[in-house]
Amino acid sequence: MNIVVCVKQVMDTEALIELDDSGEVITEGRTQIIDPYGEFAVEKAVQLKEQLGGEVTCLCYGDDGCTSAIRHALAMGADKAVLIEDDAWRSVDAAQCAAELAGALKDLSADLIMGGWTSGDTASAQVMGRLSALLDIPLANMVTGLEATADGVKASCEIDDGVEICEYKLPVIIAAQQGLAEPRYPSVRDVMQARRKPIERKAPAGGSQPVLAVAGRDLKGARSGGRIIEGDTVADAVAQAASLLRSEAKVI
């Protein structure tokens, strides 16, 4: 099975988020990691390769600095990688990103295309759906379970009130949700071997137009502390809570 996993490099989710004078997120000096949702997809792809044979290719749209996320995926067990190298990648929207990935995917002949259902930075949750439309390939979204069948895959997809089990013939796009697979920790040997695995670099195709313009960004202020209500009886506590909701929170 030929599996291609779309991965993204993002700022560590535990890092302090700050904006510069122009309203852009400051990334310099911040720890960069592979996006967690993409990491779930990489792990499941490697598991399928170990079970069925085949090859796992990592596909990333970013700049040269994104090779750290790519090398992490290679250390997890991916065989090779393709980097669509664009210094302006942070300024493109989901439509442009999907167009770049779709162009590269057309040359990779994937049976299974995987990636995170959303990302830990912009959280647009659009790219995998746009890939499905651009490539005319069905999408299994928010996948928490995946297994191979005789002629395709069976996916467990998270929905509002439970899980939907869907079967797909190949090719299909799998958008990974947390719970799909527990990412492995690469050994030192795996990390060293990943340095020797090939990364093909491609120029961006360009030509696609943005559909979203960011007017500005603002950080939420610090949350005020909570308040503990004490009363001699439940009725007294409820009365105090209602009074505060009316006079301070102004929600009733």
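The values are calculated or read from the model by the stated rules, or taken from the named source; none is laboratory data. Owing to the predicted nature of the structure, the values given are computational and were not obtained by experimental measurement. Note: ideal-geometry Cβ built from the backbone for every residue, glycine included; neighbour counts use all protein chains shown.
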Legend entry - Selected residue [assigned to a loop (DSSP other than H, G, I, E, B) and not small (Gly, Ala, Ser)] from 244, 180: 180
Legend entry - Selection status of residue 208, closer than 30 Å to residue 136 by Cα, part of a loop (DSSP other than H, G, I, E, B), of a type in the set (Ser, Thr, Tyr) and modelled with pLDDT under 85: yes
Legend entry - Unmet requirement for residue 163, which otherwise passes all of (1) touching a Leu at 6+ places or on another chain (Cβ under 9 Å); (2) of a type in the set (Val, Ile, Thr); (3) farther than 19 Å from residue 84 by Cβ: (1)
Inset, instruction - Sort through 17, 84, 26 and tell me the only one that's in contact (Cβ under 8 Å) with a residue 12 or more places away in the chain, within 20 Å of residue 123 (Cβ to Cβ) and more than 14 Å from the chain's Cα centre (by Cα). - result: 17
Inset, instruction - Report whether or not residue 129 is out of contact with any helix residue (DSSP H, G or I) (no Cβ under 6 Å at 6 or more places or on another chain) and at pLDDT below 95. - result: no
Legend entry - Test for residue 127: is it free of Cβ contacts under 8 Å to residues at least 60 places away in the same chain, within 14 Å of the chain's Cα centre (by Cα) and buried (at least 22 other Cβ atoms within 10 Å of the Cβ): no
Inset, instruction - From (1) out of contact with any Phe, Trp or Tyr (no Cβ under 9 Å at 6 or more places or on another chain); (2) assigned to a loop (DSSP other than H, G, I, E, B), pick out the condition that doesn't hold for residue 193. - result: (2)
Inset, instruction - Filter the strands (runs of 3 or more DSSP E) completely within the stretch 25-119 down to those with at least 3 residues that are assigned by TED's automatic domain parsing to the domain that holds residue 151 and over 19 Å from residue 180 (Cα atoms). - result: 55-62, 80-85
Inset, instruction - For residues that are of a type in the set (Lys, Arg) and more than 17 Å from residue 172 (Cα to Cα), scanning just the stretch 32-80, find the one that is farthest from the chain's Cα centre (by Cα). - result: 80
Inset, instruction - Test residue 155 against the criterion of being within 27 Å of residue 84 (Cβ to Cβ) and free of Cβ contacts under 8 Å to residues at least 24 places away in the same chain, and give yes or no. - result: yes
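Yes/no matrix, rows are residues, columns are (1) surrounded by fewer than 12 Cβ atoms within 10 Å (Cβ to Cβ); (2) in contact (Cβ under 8 Å) with a residue 12 or more places away in the chain; (3) within 22 Å of the chain's Cα centre (by Cα):
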{"position": "160", "(1), (2), (3)": "yes, no, yes"}
{"position": "179", "(1), (2), (3)": "no, yes, yes"}
{"position": "232", "(1), (2), (3)": "yes, no, no"}
{"position": "252", "(1), (2), (3)": "yes, no, no"}
Inset, instruction - From the list 175, 123, pick out the single residue that is within 30 Å of residue 25 (Cα to Cα) and either in a loop (DSSP other than H, G, I, E, B) or not aliphatic (A, V, I, L, M) (or both). - result: 123
Legend entry - Positions within the stretch 87-118 being among the aliphatic types (A, V, I, L, M) and more than 17 Å from the chain's Cα centre (by Cα), in sequence order: 88, 104, 105, 108, 110
Legend entry - the stretch 188-211 - residue that is closer than 22 Å to residue 105 by Cβ and among the hydrophobic types (A, V, I, L, M, F, W, C) and, of those, surrounded by the most Cβ atoms within 10 Å (Cβ to Cβ): 199
Inset, instruction - Would you be able to tell me the number of residues in the stretch 149-162 that are aliphatic (A, V, I, L, M) and modelled with pLDDT under 95? - result: 2
